[in-house]
Structure formats: structure tokens, C-alpha cells
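In what follows, a single structure is set out as C-alpha cells and then discussed.
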Amino acid sequence: MEKKRYIVGLGEALWDVLPEGKKLGGAPANFAYHAAQFGLDTIAISALGEDALAEETIEALKEHNLNYLMPRVPYPTGTVQVTLTGDGIPTYEIKENVAWDNIPFTPEMEEIAKNARAVCFGSLAQRNIVSRENIRKFLDTTPDDCLRICDINLRQQFYSKEVLEDSFCICNILKINDEELVVVNRMFGYDGLDMRQTCEKIVQDYHLKMLVLTCGTNGSYVFTDDGLTSFQDTPKVEVADTVGAGDSFTGSFCACIINGKPVQQAHKIAVSVSAFVCTQNGAMPIVPIDKFCQ
């Protein structure tokens, strides 16, 4: 029997502690949840502590019908204190030395890696050497046709040029926002290049299939290795909060590409899903996918 080929969210598993209470968060679970809404087999991979919050995590994953592989390790389950500004923009205080800083590379993970169709990973989960090395082992084990999506996540001081450069080298799709691009431009010595030139240089220098650039209310772009540029305006919506909106974009875009949709159509659907998620509270609302795929 042929093994399942999963779309994998790999990295931090945590709880966003919001003003109205805590919600399951972390890019891997958010990404896997949204890709799954397009009918694909997805799985979130991370690590949990040996504590009550780990049990709550598993219950929440089951409530969202999410497949997961999250071994227990002797560290607390991750939490993030999220404070929302008046216009719904989140700021984060991310607890350190937690379970997802210590993700192991188990035989079960190796099997999933060997058969992965796509993997989404970020820079945040690589802040600790243990997870960084094991995320790299996972990515090195994936097949040649696997989409390796780096959705960088420059939070607080938890990144370095070395981690970003390694990530750019191993991914084939990079997702970055306009604020992160400014940091990368400065860090990598791309001074003097405008936004488009920087994106095109990154695609060329790191042999990427695509670079996805999101610019908040100013729209988003996809630059491809064959010179195609796709642009989509950001829809004007009434924002409840933006938590998880970026992950919903990435999960939707990846799922559409895997399902064979052209780049421009995948981009349009991802923008629509992300805008819808902004109108909902929390990162994992039920999305009317059929409405956006017409």
C-alpha cells in the first residue's frame, strides 16, 4: 500500500495567550489546518511538554481534526503572551526553553519526511540548536519533488543571518513580509536595491522556485524563477484580529499549488482566505473554501 504523502507544518507548537483567553497557535498547526481545508493530507510536527497544557494541545488538535506528531519532551509546552493594539495588530512575548525548542528527529518523523509533498518551516523554531539541527535533518530527508517553504518569522531577537541563509539555501519557496524584507536587505548587504530587485536577487541567488512577498494593506506579490510576477490587492475587510492570517495565506497558497492551480489563481485564493481569517477571532476558523475557489 502506498504511503500517505503529507503536507507538513514543522516547528513551534504553542498557545497564544490572548486578552480573551488562550488559543492554540504556532505556524505549523495553523499552516496544516488551512492546507487541510483544501482536501489534502496534512500533519503538524513539533514537541510538547509533559504537562497539562500538552493534554490541552492534543484535545485542541483533535477538535480541529488535525493530524499531529508531537513527542513529549521534559520541557514546558510553549506559550506566547499576545497583546493586541487598537487596530488588532498583535505583539508577542515568546517564552524560551520550551518543548518546541527541543524537537527530536524520531523514526516516525523520518518516514513522514521521506514521503512529504510539502513542508513549511520558519526561522523562529530554529532559535535553539536542538530544533534547528533536527528541522534540518527532516528537510534533508525530503524527496526532490517536495515543496520546502520557508515562511520566515522574525520575532524579537530570535534570528540570525546564519539561520536565515541556511533556510534560504534549503527551501525552494520563500515567504516574507515587507518589514522582514527590510531586515534581510540590510543584513545581506542588498543596500541600494529596491523591493522588487531584492526579491528577484534572492530568487536568483538561492535558486528558488518562488518568493512570496506580503505587504499588509499594500497587497502581495509572487516572484517566480521564470520571471513571472503576480500581484494581488489586499481586500478591505473589518479586522477582528490578524493572528494566523499569514499562516492561512501560506497554507492556502501551498495547497493550491499542490492541487495544480496556476500561480496567479493560487495567489488570488490565498489572499481571499487570509482576508477572511482577519475577519474572524483566532487563527483557525472554518473557511468557506468553495466560495473562494470559484
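The values are calculated or read from the model by the stated rules, or taken from the named source; none is laboratory data. Given the structure is predicted, the values throughout are model-derived calculations rather than measurements. Here the Cβ positions follow ideal geometry from the backbone for every residue, glycine too, while neighbour counts run over all protein chains shown. For accessibility, only protein heavy atoms count, side chains too; no ligands or nucleic acids. Shrake-Rupley method; radii C 1.70, N 1.55, O 1.52, S 1.80 Å.
Quick notes on this one:
- Efficiency of FRET between residue 195 and residue 115 - r from beta-carbon atoms, R0 41 angstrom, step 0.05: 0.65
- For residue 48, the amide hydrogen comes within under 5 Å of the amide hydrogens of 72, 73, counting only partners 5 or more places away or on other chains and with H modelled in the peptide plane.
- Close amide-amide hydrogen proximity is noted between residue 119 and 8, 147, 148, 149, each under 5 Å apart and 5 or more residues distant or on a separate chain (H modeled in the peptide plane; Pro and chain starts excluded).
- Using the rule -39500 (n - 2.57) for each DSSP H run of four or more residues, divided by the residues of the chain, the 222 nm mean residue ellipticity is -11000 deg cm²/dmol.
- Cα lying deepest toward the dipole's positive end in the chain, options 199, 262, 135, charges on Cβ: 262
- Net charge dipole size for the range 211-263 [Lys, Arg +1 and Asp, Glu -1 on Cβ; Debye, nearest 20]: 100 debye
- Signed unit charges on C-beta, dipole axis of the chain, positive-most listed residue 164, 287, 29: 287
- Computed magnitude of the charge dipole of the chain (debye, nearest 20; Cβ of K, R +1, Cβ of D, E -1): 480 debye
- The chain - percent of accessible surface contributed by carbon and sulfur, probe 1.4 Å: 47 percent
- Across the chain, the fraction of Cα-Cα pairs farther apart than 23 Å, rounded to a whole number, is 51%.
- Fully extended contour minus Cα-Cα distance, from residue 81 to residue 229, at 0.36 nm per residue: 49.6 nm
- Estimated from the Cβ-Cβ distance and a Förster radius of 22 angstrom, the FRET efficiency linking residue 183 and residue 89 is about 0.80.
- Base-10 log of normalised Debye intensity for the range 58-109 (one unit scatterer per alpha-carbon) at q = 0.18 Å⁻¹: -0.81
- Counting only heavy atoms of the protein chains and using a 1.4 Å probe, residue 154 has close to 30 Å² of accessible surface.
- Cysteine residues of the chain whose C-beta has no other cysteine C-beta under 4.7 angstrom: 120, 146, 169, 199, 215, 254, 256, 278, 293.
- Rg/Rh, computed from the Cα trace of the range 169-231 with Rh as the Kirkwood radius, has the value 0.93.
- Assuming charge only on the beta carbon of Lys and Arg (+1) and of Asp and Glu (-1), the dipole of the range 229-294 about its Cα centre is about 200 debye to the nearest 20.
- Against the compact-protein benchmark of 2.2 N^0.38 Å, the Cα-based radius of gyration of the range 174-286 scales to 1.08.
- In this structure the amide hydrogen of residue 239, modeled in the peptide plane, comes within under 5 Å of no amide hydrogen from residues 5 or more places off or on another chain.
- Here the 3J(HN,Hα) profile of the range 37-42, calculated from phi with Karplus coefficients 6.51, -1.76 and 1.60 at θ = phi - 60°, is 5, 9, x, 9, 7, 10 Hz, Gly and Pro shown as x.
- For the chain, the solvent-accessible area works out to 44 Å² per residue, with a probe of 1.4 Å and every protein chain left in place.
- Stretched out straight at 0.36 nm per residue, the stretch from residue 240 to residue 41 would grow longer than its current Cα-Cα span by 68.7 nm.
- For the range 197-212, backbone phi angles converted through the Karplus equation (6.51, -1.76, 1.60; θ = phi - 60°) give residue-by-residue couplings of 5, 4, 4, 5, 5, 5, 4, 5, 5, 10, 6, 7, 6, 8, 10, 9 Hz, Gly and Pro being listed as x.
- Rolling a 1.4 Å probe over the protein chains gives residue 239 an accessible area of about 70 Å².
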